[in-house]
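Here is the structure we will look at.
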Amino acid sequence: MKIPSSIWTLLIGIVLTLASLWYGQNHGLLPIAASDEAGLIDGLFNAMMTISTGIFLVVEGVLIYCAFKYRRRAGDNEDGPPIEGNVPLEILWTAIPAVIVLGISIYSFEVYNDIGGFDPHAAHQAPMMQESMSMPGSAFAATLSNDTPSGMVAPTIGASPDKAEKSPDLEIDVSALQYAWIFTYPDTEVTTGELHIPVGHTVKMNMTANDVIHAFWIPEFRLKQDVIPGRQTEISFTPRKMGEYTLICAELCGPYHGAMRTQVVVESQEAFDNWMQEQLIASHETLNQAVAVNSSNLSPDEFLAPYTQQMGIHSEMLHQIHN
Ligand SMILES: [Cu+2]
């Protein structure tokens, strides 16, 4: 019994579709998805991977089939039949890619919008800062001073009312410089070189660079944003999975660009609060000040007891320092 070619086409089509769908979901090319935004980006990536796999299998399959089926046989010196033009076929192979490209474009615009890419206060509309407008060299001059670059940071703009659902739980100021990241938590004025974020909270980074263009990139969050001297760029995200990730500078910024990376710690709210307390204690000039910031009713000795144990300091010693 001879199977008609339409049945063959249908069977091959089903197999190719299933293979493409499977590989599109199981390619294993990406690191874990650790933020809400990562899920959206991965959906887009997987859809493109599915389509690409299908096209790859069809094209390579037809190529191999034809190379075998229409190969030159021994003693056959004839040429093939002269074929010129096939309008329906040409329309088809123009229309199919056009529809695919249009579909991917709409989908990717949708994802970009969902992750806040079109937010009016995002990078492209960020205001130029006063100093930069009046003094072209100020961005460079700022690198020469050792001060914290507070003058470099444009006033933070609140979330627009129409995007109320996106208003961040936490804002962090980010300064990028050759070759480090500096994070300032405006609520506590704690400054660190390591980024700590409480899990499940929407955070907004208000970023600026001290010297040259850098780029904020956390592969597990699937987000990347340029950090530019003389202006503020922003990026918001909601980390979903606790863990330690790496923030990588993704813009070639000098000879040690490759070393411009730091740790991102996504932790529980409790661990985050503890970490913040430790930073407060470490960053304040005296232990007294640190205690004053903590508005608990504990005496300084009581409050510091857990920390002194960690640091190997006897509480008697602390008592003497305090007095
Ligand atoms: Cu850099």
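The values are calculated or read from the model by the stated rules, or taken from the named source; none is laboratory data. All of these numbers come straight from a predicted model, not from anything done at the bench. All Cβ positions, glycine included, derive from the backbone under ideal geometry; neighbour counts span all protein chains shown. Just the protein is used for accessible areas: all its heavy atoms, side chains included, with ligands, DNA and RNA removed. Shrake-Rupley method; radii C 1.70, N 1.55, O 1.52, S 1.80 Å.
Quick notes
- Of all residues in the stretch 195-238 being within 12 Å of the ligand (Cβ to nearest atom) and not hydrophobic (A, V, I, L, M, F, W, C), the one that is farthest from residue 168 (Cα to Cα): 211
- Of all residues in the stretch 169-192, those that are part of a loop (DSSP other than H, G, I, E, B) and hydroxyl-bearing (Ser, Thr, Tyr) have Cβ atoms under 6 Å from Cβ atoms of residues that are within 16 Å of the ligand (Cβ to nearest atom) and open to solvent by 40 Å² or more (accessible area, probe 1.4 Å), 6 or more apart or on another chain, in 179/256; 179/259.
- Meets criteria (open to solvent by 40 Å² or more (accessible area, probe 1.4 Å), at pLDDT 90 or above and within 16 Å of the ligand (Cβ to nearest atom)) for residue 252: yes
- When residue 107 is tested against (1) exposed (fewer than 10 other Cβ atoms within 10 Å of the Cβ); (2) in contact (Cβ under 8 Å) with a residue 60 or more places away in the chain, only condition (1) is not met.
- Against the numbered list (1) open to solvent by 90 Å² or more (accessible area, probe 1.4 Å); (2) assigned to a helix (DSSP H, G or I), residue 1 comes up short only at (2).
- Scope the stretch 166-177; condition within 16 Å of the ligand (Cβ to nearest atom) and open to solvent by 40 Å² or more (accessible area, probe 1.4 Å); matching residues: 177
- Flag for residue 213 being under 16 Å from the mean Cα position of the chain (by Cα) and among the β-branched types (Val, Ile, Thr): no
- Which numbered condition residue 33 fails, given (1) of a type in the set (A, V, I, L, M, F, W, C); (2) surrounded by fewer than 12 Cβ atoms within 10 Å (Cβ to Cβ); (3) not in a helix (DSSP H, G or I): (2)
- The lone criterion from (1) at pLDDT below 90; (2) of a type in the set (Val, Ile, Thr); (3) within 14 Å of the ligand (Cβ to nearest atom) left unmet by residue 246 is number (1).
- The single condition among (1) farther than 16 Å from residue 233 by Cα; (2) open to solvent by less than 10 Å² (accessible area, probe 1.4 Å); (3) among the hydrophobic types (A, V, I, L, M, F, W, C); (4) within 16 Å of the ligand (Cβ to nearest atom) that residue 180 does not meet is (2).
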